[in-house]
Amino acid sequence: MNSIDELFEPYIQLEKAIMERTSDWIHLHCGLCTACCCRADICEEALQSAFLSKLLIKQGLDETELDNSFGWLTPKGCSLAYGRPPICHAYFCDSLLERLENDPTRRVISLLGLLIYHVGEKALGDLHLTEIEDPAALEKVDFQRISKQLKEAQNAFRAIDEFFQTNGRPSPAARNAMERIPPYEL
Ligand code: SF4
Ligand code: SF4
């Protein structure tokens, strides 16, 4: 992988797969939330980011579609099919996590929320891939690093699937794949 263009498809696939795993649980509880944590300024980060902007363009969106008050939020939830700022996947409030059955499940779901962030960590010096604002700078990112992190995130995603398929008893290889993702605090 040596061009930013090659990153789009696997990134989109991973992001959509992550959303698919959490969507029922999130819709059930966030849909009734009286203190929704979505904020228009977080929505705007998708437009400020050169990388995420390209993902918005791929789904036919630009700044003209962003609602001044509600951002990308609609009565049915976030309208972005992909290209959400990483924090949108990583944030689960305590009351949402408390609805899960036990601590190992809470830890694994929290890990799932960090995978998209992990892909872009330190893409250009200390800048996260989604923090780069200059489109030209996207060609200067550390592709080797991002490719490695993407692979780690994909492996961890499969390991998380294994966790659920085995009722919380994944193989040592799957545990090892999950441990490759640092405990980021976003
Ligand atoms: S994560 Fe928590 S605070 Fe945010 S919308 Fe869902 S239930 Fe509400
Ligand atoms: S999930 Fe969507 S609507 Fe909510 S803050 Fe993120 S981009 Fe905005």
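The values are calculated or read from the model by the stated rules, or taken from the named source; none is laboratory data. Keep in mind that this is a model prediction, so the values were computed, not measured. Here the Cβ positions follow ideal geometry from the backbone for every residue, glycine too, while neighbour counts run over all protein chains shown.
Here are the numbers:
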read-out: Top-ranked residue of region 60-73 - restricted to ones that are in a loop (DSSP other than H, G, I, E, B) and within 16 Å of ligand 1 (Cβ to nearest atom), ranked as nearest to GLU15 (Cα to Cα); value: TRP72
read-out: CYS37 being surrounded by fewer than 16 Cβ atoms within 10 Å (Cβ to Cβ), near ligand 1 (Cβ under 10 Å from one of its atoms) and more than 16 Å from the chain's Cα centre (by Cα); value: no
read-out: Check on TYR82, touching a Pro at 6+ places or on another chain (Cβ under 8 Å) and of a type in the set (Phe, Trp, Tyr); value: no
read-out: Residue list for region 7-25, restricted to those being more than 16 Å from ligand 1 (Cβ to nearest atom) and under 14 Å from ALA81 (Cα atoms); value: PHE8, GLU9, TYR11, ILE12, GLN13, LEU14, GLU15, LYS16, ALA17, GLU20
read-out: Wholly within region 91-186, helices (runs of 4 or more DSSP H) carrying at least 2 residues that are of a type in the set (Phe, Trp, Tyr) and more than 28 Å from GLU6 (Cα to Cα); value: 143-165
read-out: Residue match in region 39-54 (condition: under 16 Å from LEU186 (Cβ atoms), of a type in the set (Val, Ile, Thr) and not in a loop (DSSP other than H, G, I, E, B)); value: yes
read-out: Lone unmet requirement of (1) modelled with pLDDT of 95 or more; (2) more than 22 Å from GLU162 (Cβ to Cβ); (3) of a type in the set (Lys, Arg) for ARG99; value: (1)
read-out: Options ILE57, ILE4: the member that is of a type outside the set (S, T, N, Q) and either within 14 Å of ligand 1 (Cβ to nearest atom) or at pLDDT 95 or above (or both); value: ILE57
read-out: Failed item, numbered, when ALA40 is tested on (1) touching a helix residue (DSSP H, G or I) at 6+ places or on another chain (Cβ under 9 Å); (2) farther than 22 Å from GLU139 by Cα; (3) of a type in the set (Gly, Ala, Ser); value: (1)
read-out: Residues of region 79-102 satisfying the condition of being more than 12 Å from ligand 1 (Cβ to nearest atom) and surrounded by 14 or more Cβ atoms within 10 Å (Cβ to Cβ); value: SER79, LEU80, ALA81, TYR82, GLY83, ARG84, PRO85, PRO86, LEU100
read-out: Residue in region 103-114 that is more than 21 Å from ARG175 (Cβ to Cβ), hydrophobic (A, V, I, L, M, F, W, C), modelled with pLDDT of 95 or more and crowded, with 18+ Cβ neighbours inside 10 Å present; value: no
read-out: Meets criteria (outside any helix (DSSP H, G or I), within 11 Å of ligand 1 (Cβ to nearest atom) and either within 23 Å of SER147 (Cα to Cα) or modelled with pLDDT under 90 (or both)) for LEU28; value: no
read-out: Any hit, region 34-53, residues being farther than 25 Å from GLU133 by Cβ and either touching a strand residue (DSSP E or B) at 6+ places or on another chain (Cβ under 7 Å) or not hydrophobic (A, V, I, L, M, F, W, C) (or both); value: yes
